[in-house]
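See below for the structure under consideration.
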Amino acid sequence: MAKPKHLHLRSEQDTRDLAAFIAPLLQPGDVICLWGDLGSGKTFFARALASELGVSEQVDSPSFVLLKEYQGRRFPLFHLDLYRLGSEAEFLDLGVTDLIDEGVTLIEWPELAEKYLPKRILNLSLRFSYRGAERTVEIVAKGRFSAYFI
Ligand SMILES: Nc1ncnc2c1ncn2[C@@H]1O[C@H](COP(=O)(O)OP(=O)(O)OP(=O)(O)O)[C@@H](O)[C@H]1O
Ligand SMILES: [Mg+2]
């Protein structure tokens, strides 16, 4: 596994730029896990990525439905927010493991899903920085993603 890479995101625009860097690298079967506290920017990143992937629909916070599917230019985007998920069994009931190969999957609060996910994962951990719109992100790339984050 590659060494974690740390980036300083000085503004929302830096977070959009990170999404714009990652979007063209994606292909069906890829999974991005978004870690970080409430309000750290996981959904903000998901929206920016969706926009880069050509999703025209508004991406909302899927907390109450756990899983939402969007149509991107090249493939579907599955957006999950597992904050309210009760158990691993509930995750398996969502049927996500069968969908993964069809599109790109973004998962907020991925703890309960982690052991069912494929090997090629991009882990982004967002943290608050000392000023309002600043964040730091730790990137841990597994599988084919490692080559892009060295
Ligand atoms: N550099 C930044 N990157 C991302 N979001 C930022 C940044 N600076 C400020 N923000 C703001 O922080 C907020 C992040 O909210 P967001 O809904 O993305 O958090 P979240 O991590 O998805 O939280 P939750 O765990 O509740 O789903 C947004 O209001 C966004 O505009
Ligand atoms: Mg969110």
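The values are calculated or read from the model by the stated rules, or taken from the named source; none is laboratory data. Given the structure is predicted, the values throughout are model-derived calculations rather than measurements. Note that we place each Cβ from the backbone using ideal geometry, even for glycine, and neighbour counts take in every protein chain shown.
If I filter the range 24-45 down to residues being among the aliphatic types (A, V, I, L, M) and more than 8 Å from ligand 1 (Cβ to nearest atom), which single residue comes out as surrounded by the most Cβ atoms within 10 Å (Cβ to Cβ)? My answer is 31.
The lone criterion from (1) buried (at least 17 other Cβ atoms within 10 Å of the Cβ); (2) closer than 20 Å to residue 91 by Cα left unmet by residue 48 is number (2). Only a single item in (1) closer than 26 Å to residue 131 by Cα; (2) buried (at least 17 other Cβ atoms within 10 Å of the Cβ); (3) hydrophobic (A, V, I, L, M, F, W, C) is not met by residue 21, and it is number (2).
Which one is surrounded by the fewest Cβ atoms within 10 Å (Cβ to Cβ), of the residues in the range 105-137 that are within 12 Å of ligand 1 (Cβ to nearest atom) and among the aliphatic types (A, V, I, L, M)? By that ranking, first place goes to 133.
Residue by residue, here is whether (1) among the hydroxyl-bearing types (Ser, Thr, Tyr); (2) modelled with pLDDT under 95; (3) in a helix (DSSP H, G or I) holds:
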{"position": "14", "(1), (2), (3)": "no, no, yes"}
{"position": "28", "(1), (2), (3)": "no, no, no"}
{"position": "32", "(1), (2), (3)": "no, no, no"}
{"position": "48", "(1), (2), (3)": "no, no, yes"}
{"position": "60", "(1), (2), (3)": "no, yes, no"}
{"position": "65", "(1), (2), (3)": "no, yes, no"}
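Report yes if some residue within the range 37-48 is farther than 21 Å from residue 125 by Cα, of a type in the set (A, V, I, L, M, F, W, C) and in contact with a strand residue (DSSP E or B) (Cβ under 8 Å, 6 or more places away or on another chain); otherwise report no. It would help to see each step written out before you state the result.
If we filter the range 37-48 for residues that are farther than 21 Å from residue 125 by Cα, which is where we start, we get none.
No: the range 37-48 contains no residue that is farther than 21 Å from residue 125 by Cα, of a type in the set (A, V, I, L, M, F, W, C) and in contact with a strand residue (DSSP E or B) (Cβ under 8 Å, 6 or more places away or on another chain).
Residues 101, 93, 81: which one is touching a residue at least 24 places away in the same chain (Cβ under 8 Å) and loosely packed, with under 14 Cβ neighbours inside 10 Å? Please lay out each step first, then the result.
Numbers: 93 fails: touching a residue at least 24 places away in the same chain (Cβ under 8 Å); 81 fails: loosely packed, with under 14 Cβ neighbours inside 10 Å.
Of 101, 93, 81, the one residue that is touching a residue at least 24 places away in the same chain (Cβ under 8 Å) and loosely packed, with under 14 Cβ neighbours inside 10 Å is 101.
Scanning the range 71-104 for residues that are hydroxyl-bearing (Ser, Thr, Tyr) and within 16 Å of ligand 1 (Cβ to nearest atom) turns up just one, 83.
Picking from 64, 128, which residue would you name as being aromatic (Phe, Trp, Tyr), out of contact with any helix residue (DSSP H, G or I) (no Cβ under 9 Å at 6 or more places or on another chain) and within 13 Å of ligand 2 (Cβ to nearest atom)? Even if it seems obvious, please write down each step before you answer.
Working: 128 fails: within 13 Å of ligand 2 (Cβ to nearest atom).
The unique qualifying residue is 64.
Quick one: how many residues across the range 67-98 are within 16 Å of ligand 2 (Cβ to nearest atom) and outside any strand (DSSP E or B)?
At the first step, the residues of the range 67-98 found to be within 16 Å of ligand 2 (Cβ to nearest atom) are 67-68, 70, 77-85.
Those still in the list that are outside any strand (DSSP E or B) too: 82-85.
So the answer is 4.
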